[in-house]
Amino acid sequence: MVLSFLLFFSQFQGHEAYNLTIDWASAGDFHLTMGYTIDHLASLMLVIVTTVAFLVMVYTDGYMAHDPGYVRFYAYLSLFSSSMLGLVISPNLLQVYVFWELVGMCSYLLIGFWYERKGAADACQKAFVTNRVGDFGLLLGMLAIFWATGSFEFDVMGDRLTELVTTGSLNAGLVSIFAVLVFLGPMAKSAQFPLHVWLPDAMEGPTPISALIHAATMVAAGVFLVARMFPVFENLPTVMTVVAWTGAFTAFMGASIAITQNDIKKGLAYSTMSQLGYMVMAMGVGAYGAGLFHLMTHAYFKAMLFLGSGSVIHGMEEVVGHDPVLAQDMRLMGGLRKHMPITAITFLIGTLAICGIPPFAGFWSKDEILGSTFAVSPVLWGIGWLTAGITAFYMFRMYFSTFEGEFKGTDKTIQLQLKREQLMAMGASLGPGAMNPQELTLTDTTQDDGHDDHHSETPHESPFAMTFPLMALAVPSMVIGLVGTPFANYFEAFIHPPGEALLELTESAEAFDWNEFLIMGGSSVGIGLIGITLAVMMYRTKVIDPGAIAARIKPFYQLSKNKWYIDDIYEVVFVQGSRKLAKQVLEIDVRIVDGIVNLAGFVTLVTGEGLKYLENGRAQFYALIVFGAVLGLVLLSGIT
């Protein structure tokens with residue numbers, strides 16, 4: 001982390017980008033190189049990754065202190081951190097791909113860290129398979145671009161593709177297909193529709209992983225790759241449109257699902273998916289700096305929110321008998337601010353930041369994305385603007401449900417109801433007859449969990465190892481946005497797109513329009529305040545009954561509650577479909593392939609069995625056969 005800050009300071013001071021490459025494999029004119037590059041984008045990403053990773057590692061010591069897999073967890077965490085650092089300093093697309101797969105493998109290991117839980121085992125497989133789909137597209141796109149340009153270097157690929165399209169050597173549509181295939185990688189890694197389904201399930205992993213991998217670093221790698229590929233994408237309008245609309249739709253979809261989530265971590269997961277959609281939309285409309293600015297601010301406040309949720313879960317576990325499902329359910333929380341003041345204050349700071357309330361970090365980055373989007377497409381801006389309001393609503397719903405009101409963790413009625421829901425879900429997933437009906441009559445939900453002697457009536461604040469990272473992340477969540485204010489945008493000046501002159505940025509800063517800023521910023525804050533007000537009326541003052549509204553708009557409520565039915569569709573089409581296909585293939589294998597092989601064996605057996613009587617090793621028998629054959633030929637010739 002210290003070295004990353006020094007490198008960043010060096011780049012900020014104006015030192016030239018540094019590249020070191022070595023020949024990794026060569027044959028004639030064919031060369032593959034590896035190495036590292038330190039430029040403005042790499043130095044910024046190094047700072048983000050190392051600061052969050054360092055604080056998460058400190059936090060992990062408190063969170064995983066009593067876990068038997070403590071050492072294994074740190075091993076995976078270190079492997080992930082090194083892979084992510086390798087990814088951000090990669091000088092070419094080939095090396096990015098190598099580390100891309102490594103961070104994916106670490107994600108698989110960490111999501112399934114508690115592999116004895118069925119949910120975790122299923123979730124890591126789901127993440128792995130979904131990411132393989134996107135990564136296969138990335139591999140195809142990489143190879144296609146290499147075929148066309150003969151290079152994996154980012155700037156060389158962009159220049160050569162532009163030249164090939166301009167001269168007519170390559171069709172623009174074909175190049176667009178190559179670029180969209182590459183974009184499939186970021187779609188999966190950054191959880192963009194339709195490859196987003198793995199991210200909410202990834203919350204089965206320990207909370208420090210949710211903060212590091214699934215909020216701040218690995219999921220941002222997709223946005224980082226789009227930034228690296230910007231020289232290729234920016235000259236292809238079709239691809240930019242695909243990127244922008246994918247991001248906008250994902251942002252809205254994630255926010256609309258987060259409204260009805262009761263699991264605190266899954267709510268934050270859909271929120272992450274939504275915010276990643278903002279970043280991807282920014283890249284698609286050409287707002288390179290705005291997308292990366294939101295990547296940076298989001299990394300800090302979302303990591304803090306996830307670590308805050310982990311602190312809440314840590315405090316709730318002893319109250320609800322160490323049941324991970326009950327410990328994460330917001331319906332059992334409430335009033336935690338009195339018991340966990342540091343967690344509550346830092347969570348509130350993160351909530352204000354993500355809602356885009358000035359002067360918190362999220363306001364400046366989200367406002368810049370919306371302003372840049374409006375200049376390109378008012379329709380996309382409208383989607384982003386509406387999403388901002390929904391974000392403010394569901395985040396304050398989360399905050400009020402968790403930290404305000406009365407504490408409901410010891411309410412046996414609610415515990416029984418949630419336990420019943422849990423058992424019903426298990427029964428549904430295992431099939432009829434799988435669940436003992438007597439289990440639904442439980443009166444003590446903590447019975448036989450092995451932790452009864454550690455029960456507590458109220459939650460407690462987390463240890464210093466867990467609250468220190470929260471307080472440390474609260475600082476950038478509040479102030480880091482000030483480096484990217486539209487009237488003095490140091491961030492944009494530092495991170496400008498490749499090949500863009502700094503002179504243009506200086507001129508645009510001088511042409512800053514206060515009226516436009518106040519209108520755009522005011523509208524985004526306004527919709528955010530509307531969302532917050534609705535959340536206050538529903539979940540704080542209880543003036544409005546959320547249940548009554550849900551009943552009146554039941555189809556929309558069910559759509560959100562059931563995650564737009566995307567998982568159900570994938571279950572029918574891909575999971576069950578692939579199983580049916582596998583059964584058909586097995587049938588063909590058994591009846592046709594095995595049948596041909598077995599027939600060949602049977603024919604060989606029968607003919608061998610018959611011929612063994614002719615091959616007896618007696619010379620006189622062979623002479624008799626020769627005599628008989630000659631006699632037969634003579635008779636045959638005489639007849640003819």
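Loop-located trypsin sites (Lys or Arg not before Pro) in the range 536-640 (DSSP state not H, G, I, E or B) with no more than 16 neighbouring Cβ atoms inside 10 Å: R540, K542, K612, R618. The stretch between E571 and R420 holds 51.9 nm of extra length on full extension. This uses 0.36 nm per residue minus the Cα-Cα distance.
Rounded to the nearest 10 degrees, the angle from helix 288-317 to the longest Cα principal axis of the chain is 90 degrees. Mind giving me the FRET efficiency for T541 and V129? R0 is 56 Å, r the Cβ-Cβ distance, nearest 0.05 is fine. With a Förster radius of 56 Å, E is 0.80. If R0 is 41 Å, the Cβ-Cβ spacing of A629 and R591 corresponds to a FRET efficiency of close to 0.45.
Just tell me the longest site-free run in the chain, where the sites are chymotrypsin sites (Phe, Trp or Tyr not before Pro) in a DSSP loop having at most 13 other beta-carbon atoms within 10 Å.
Numbers: sites that count: Y115, F487, F512, Y613.
The segment 116-486 is the longest one with no such site.
Please say if the chain is rounded, prolate or oblate, where rounded means a/c under 1.5 for a ≥ b ≥ c the square roots of the C-alpha gyration tensor eigenvalues, and otherwise the choice is prolate for a/b larger than b/c and oblate otherwise? Don't jump to the answer; show the numbers that get you there.
Values: a/c = 2.26, a/b = 1.41, b/c = 1.60.
It comes out oblate by the Cα gyration axes.
Extension gain, Y74-T238: 0.36 nm per intervening residue step, less the Cα-Cα distance, totals 54.7 nm.
Per-residue surface analysis assigns I145 an accessible area of about 0 Å², computed on protein heavy atoms at 1.4 Å probe radius. Projected label points at D411 and T166, each 7 Å from Cα along the beta carbon direction, are separated by 6.7 nanometres.
Here the label points at F487 and I345, each 7 Å from Cα along the C-beta direction, are separated by 3.0 nm in the simple model. Please tell me which of these pairs span more than 25 angstrom C-alpha to C-alpha: K118/K554; K302/K366; K265/K408; K338/K554; K265/K338; K126/K265? Exceeds cut-off: K118/K554; K338/K554.
What the Cβ-Cβ distance of V98 and S10 gives, at R0 = 25 Å and to the nearest 0.05, is a FRET efficiency of 0.45. Placing dummy labels 7 Å off each Cα toward the beta-carbon, the span from Q558 to T607 is 6.5 nm.
Suppose we flag GluC sites (Glu not before Pro) only when DSSP calls them loop and at most 16 other Cβ atoms lie within 10 Å. Which is the longest uninterrupted stretch of the chain? Before the final figure, lay out the partial values.
On the way: sites that count: E16, E116, E406, E457, E500, E615.
In the chain, the maximal stretch lacking such sites is 117-405.
Rounded to the nearest 10 degrees, the angle from helix 378-403 to the longest Cα principal axis of the chain is 80 degrees. The distance separating the Cα centre of the range 575-640 from that of the range 77-155 comes to 51 Å.
Would you mind counting up the charge near V88? Only other residues with Cβ under 12 Å from its Cβ, with Lys and Arg at +1 and Asp and Glu at -1.
Details: positive: R228; negative: D39.
Net charge in that neighbourhood comes out at 0.
The values are calculated or read from the model by the stated rules, or taken from the named source; none is laboratory data. All of these numbers come straight from a predicted model, not from anything done at the bench. Note that we place each Cβ from the backbone using ideal geometry, even for glycine, and neighbour counts take in every protein chain shown. Heads up: the accessible areas ignore ligands, DNA and RNA and are worked out on the full protein's heavy atoms, side chains in. Shrake-Rupley method; radii C 1.70, N 1.55, O 1.52, S 1.80 Å.
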